[in-house]
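Notes follow once the structure below has been shown.
Bear in mind these aren't lab numbers, they're just calculated from the coordinates by the rules spelled out. All figures in this text were calculated on a predicted structure; none of them were measured in a lab. In this analysis, Cβ positions are derived from the backbone assuming ideal geometry, glycine residues included, and neighbour counts consider all displayed protein chains.
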Amino acid sequence: MRPERMLFALAVLLFLGAAARDRFDGWIDATRLPPLALETGTEVRDRHGLLLRAYTVADGRWRLATGLDAVDPRYVRMLVGYEDKRFFEHGGVDPLAVLRAGVGAVMHGGIRSGASTLTMQVARLLEEGPTGAWSGKLRQLRVALALERRLGKEAILTLYLNRAPFGGNIEGVRAASLVYFGKEPARLTPAEAALLVALPQSPETRRPDRFPAAAEAARDRVLDRLARAGVIGTEAAAAARREAVPTARRPFPALAPHLADRLLADDPGAGVIATTLDRPLQRAMEDLAREALRGQGARVSVALLVADHRTGEILAQVGSPAYDNDPRQGFVDMTEALRSPGSTLKPVIYGLAFDQGLAHPETLIEDVPTAFGTYAPQNFDGAFRGTVRLRDALQMSLNIPAVKLTEAIGPARLVDALRRSGARVEIPGGRAGLAVALGGAGLTLEGLVQVYAMLAEGGVRRDLHALPSGAGTPQRVLSAEAAWQVGDILSGLAPPVGAPRNGLAYKTGTSYGHRDAWAIGFDGRHVVGVWMGRPDGTPVPGAFGGDLAAPVLFQAFARLSPRLEPLGAPPPGVLTVATADLPQPLQRFRPRDAAFAAAPDAPVIAFPPEGAELAIGDGQLAVKLRGGVPPFTILADGRPVSVATPERETWVGVGGPGFVTLSVIDGAGRSARVAIRVE
């Protein structure tokens with residue numbers, strides 16, 4: 001052939017080759033890629049980024065987002081070395097692998113080795129289509145080449161790490177590592193890495209939880225080939241073969257499930273929810289909650305809340321000891337349930353009284369039978385202590401002094417202080433009465449911890465929050481002096497039996513009918529709240545806050561830190577003197593209208609009460625007296641009906657039906673009266 005013809009033929013071939021190349025490039029560039037965005041399960045993480053709880057995607061598969069930097073580099077090297085050793089060199093299709101597979105097929109009469117690259121596997125995972133037909137193979141090849149052109153190698157590897165199947169409803173290396181090894185894939189043993197390399201080739205037949213022998217054999221084949229290729233050492237491979245494969249799936253982390261559900265409901269589209277919780281502490285508090293119920297009834301539950309009152313950050317939240325529909329109703333978040341707070345509001349009552357100059361911790365007050373109109377509260381044990389210091393009255397949780405202080409400050413002011421502290425308060429009937437002092441209101445455990453955090457912070461409210469961005473603007477509720485005085489009193493309370501006397505400032509409470517047992521406490525940094533009872537609100541016979549909840553509170557602080565943070569020093573304005581050295585008005589408690597009020601020991605007609613309507617057949621009426629000094633003279637409409645009687649309970653004649661004014665005069669000349677109606 002003449003040279004000019006040869007040159008012409010070569011030019012034609014080059015032209016046709018270039019045209020074919022351009023057409024091929026156009027074909028690749030025109031490829032419509034399947035969606036690359038991937039739905040991954042929402043993750044709730046702790047303050048250090050550790051996983052607290054994970055959720056499945058909409059179709060029930062476990063698929064958790066991960067990146068190359070979060071996966072053990074050894075696993076990546078083993079994956080590439082086993083599946084596609086020229087991954088970083090080819091453009092999506094490995095010509096040498098294709099040639100090897102073709103020669104093998106010709107020589108052996110069938111396919112003996114595959115030519116699929118990691119990029120082609122990613123294409124198959126993205127397509128979720130058939131792989132056996134030539135059309136399917138061609139489509140994967142085209143998508144693989146397009147992926148290589150539009151994405152980098154790291155992005156393609158990341159797609160594999162997130163989409164590879166690992167058996168059942170497990171997708172992605174991170175979900176697989178958690179379910180089979182119980183840990184993140186950042187640090188894997190050679191045996192673990194080899195198993196994760198082997199599983200996606202046949203995820204259902206090699207599932208270690210169902211077919212451990214097949215899983216082990218596949219893992220060992222990976223180790224053998226990688227050892228021959230020099231990816232891992234022979235000794236390391238031999239040691240890895242001796243490691244047992246997991247034979248069961250591990251549960252995914254489900255710490256703080258109630259709080260996690262609440263946060264997800266508030267932000268359903270979130271991929272990652274970062275919280276202020278501390279995973280080791282959360283786990284310790286959940287363990288404590290389960291331990292606290294040993295020996296308790298099958299329906300008794302417990303809830304705990306731990307917070308840093310300096311910042312308002314919630315560190316641990318336990319809504320119940322379980323998370324299912326068991327007899328304890330574990331699905332109910334008892335940190336959010338409205339319950340009667342019992343005596344746990346008394347520290348706020350005392351703080352308000354100190355703040356308003358009505359009293360001092362060393363002020364004396366009378367713990368004697370007292371009627372507040374028709375309301376006549378009793379102490380929990382039915383006994384009265386007479387004259388006591390307010391410090392002792394709060395430590396003994398006496399009811400009469402607390403109600404006297406509430407009457408002086410006003411129950412509405414108490415409720416307002418609770419709400420300004422950040423607590424949600426529900427009042428039966430909508431109007432606060434004196435009964436609120438003894439638990440006649442609805443509060444949550446979280447609300448009570450919020451209130452005690454205010455006391456611990458020197459009277460300043462810092463909003464409790466589980467999200468890093470949840471801190472509000474600090475607000476003063478009590479003076480620093482009043483808050484410190486309350487904390488000083490509570491820190492002197494005797495601990496429960498067997499607990500250390502460590503100066504923890506705490507208060508217990510028991511609601512009416514033994515339905516709720518409470519213990520709330522704080523040191524110089526942390527505040528902890530404990531509730532125990534039945535979620536359905538039925539009584540727990542014999543349950544007291546001091547016996548049931550207080551030991552759990554002290555155990556919670558022991559697990560929180562080996563040593564308590566000391567309470568702060570008293571503010572400069574605190575008056576620390578004995579009762580006799582107090583200013584005269586503070587030596588003995590007297591309400592604001594004391595000049596017009598009856599003396600504390602004046603006689604009182606306990607029955608019948610003011611405004612009573614009574615049916616009496618024979619004109620005789622039972623009269624019960626309290627206080628005063630005998631003998632007593634009783635009058636009906638000014639007419640003596642019982643003269644100089646030493647008895648506090650007697651029958652008197654009041655005549656016919658109609659309105660009657662009963663009066664009593666004691667031996668000291670003091671009197672009391674009530675107006676009633678008899679029929």
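Worth a mention:
- In segment 164-199, the trypsin sites (Lys or Arg not before Pro) that fall in loop regions by DSSP, at most 15 other Cβ within 10 Å: LYS183, ARG187
- Exposure proxy ranking, count of Cβ atoms within 10 Å, fewest first, for ILE616, ILE349, ILE520: ILE616, ILE349, ILE520
- Cα centroid of segment 398-433 to Cα centroid of segment 565-637, whole Å: 20 Å
- With a Förster radius of 45 Å applied to the beta-carbon distance between TYR512 and GLU565, the computed FRET efficiency rounds to 0.85.
- Using θ = phi - 60° in the Karplus curve 6.51 cos²θ - 1.76 cosθ + 1.60, the 3J(HN,Hα) couplings for segment 476-484 round to 7, 10, 10, 5, 4, 5, 5, 4, 5 Hz; x is entered for Gly and Pro.
- Summary of packing: across the peptides 370-382, 534-546, 430-442, the per-residue average of other C-beta atoms within 10 Å ranks them, highest first, as 430-442, 534-546, 370-382.
- Dipole axis of segment 226-369 (+1 Lys, Arg; -1 Asp, Glu on Cβ), positive-most option in GLN296, PRO321, ALA248: ALA248
- When peptides 627-637, 33-43 are ranked by their average number of other Cβ atoms within 10 Å per residue, the highest-first order is 627-637, 33-43.
- Derived scalar couplings ³J(HN,Hα) [segment 425-432; Karplus, 6.51 cos²θ - 1.76 cosθ + 1.60; whole Hz; x for Gly, Pro]: 10, 10, 10, x, x, x, 10, 6
- Degrees, to the nearest 10: 212-228 long Cα axis against longest axis of the chain: 50 degrees
- Against the chain, whose longest principal axis comes from its Cα atoms, helix 550-560 is set at around 40 degrees.
- Largest to smallest principal axis extent of the C-alpha atoms in the chain, angstrom: 151, 58, 50
- Taking ILE365, ILE28 and counting other C-beta atoms within 10 Å, the order from fewest to most: ILE28, ILE365
- Put in order of Cβ neighbour count within 10 Å, fewest first, the listed residues TYR506, TYR160 become TYR160, TYR506.
- Low-density loop cleavage sites - trypsin sites (Lys or Arg not before Pro) in segment 514-580, where at most 14 other Cβ are within 10 Å (DSSP): ARG563
- Degrees between helix 153-163 axis and first principal axis of the chain (Cα, 0 to 90, nearest 10): 60 degrees
- Note on the chain: helix-only mean residue ellipticity at 222 nm, from DSSP H runs of 4+ residues weighted -39500 (n - 2.57) and normalised by residue number, equals -10500 deg cm²/dmol.
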